[in-house]
Amino acid sequence: MDGIVGCNVFLKCENLNKTGSFKIRGALNSILSLPDGVDGVITHSSGNHAQALAFAGKKANMKRVIFVMPEDAPKVFFFFLLLLLFVSSLFTS
């Protein structure tokens, strides 16, 4: 690509993030900016934001991350969230 455009090209591949989107940056920033003593968060999401918040909450050792999913949300999102939480628990102490 560098040769085609005549300069260095740098790609920011958000799809390679742990949750597959850019939402993890916002979720981590939000959770890490919370005041001391907050031990849980709630979100209404069935997609990338919910996945990012689950991952960020786990990394920050939050006791509670609650998802309120729309009734019409695809069931695959729910199972992906459970899988994400399970797999991330394998790598945290």
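The values are calculated or read from the model by the stated rules, or taken from the named source; none is laboratory data. Bear in mind the structure is a predicted one, so any value in this text is a computation, not a measurement. Note that each Cβ is placed from the backbone with ideal geometry, even for glycine, and that neighbours are counted across all protein chains shown. To get the accessible areas, we keep the full protein, side chains included, count just its heavy atoms, and leave off ligands, DNA and RNA. Shrake-Rupley method; radii C 1.70, N 1.55, O 1.52, S 1.80 Å.
Computed values, structure above
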item: Long-range HN-HN contacts of Val41 with modeled amide H, under 5 Å; result: Arg64, Val65, Ile66
item: Where chymotrypsin sites (Phe, Trp or Tyr not before Pro) fall in DSSP loop in segment 1-81, at most 12 other Cβ within 10 Å; result: Phe10
item: Sparse-neighbourhood loop sites, trypsin sites (Lys or Arg not before Pro) in the chain - DSSP loop, at most 14 other Cβ within 10 angstrom; result: Lys12, Lys18, Lys63
item: Carbon/sulfur fraction of accessible area - the chain, other protein chains in place, 1.4 Å, %; result: 61
item: DSSP H segments from the chain that extend 18 Å or more along their own axis, Cα-based, with Kyte-Doolittle mean of 1.0 or above; result: 75-90
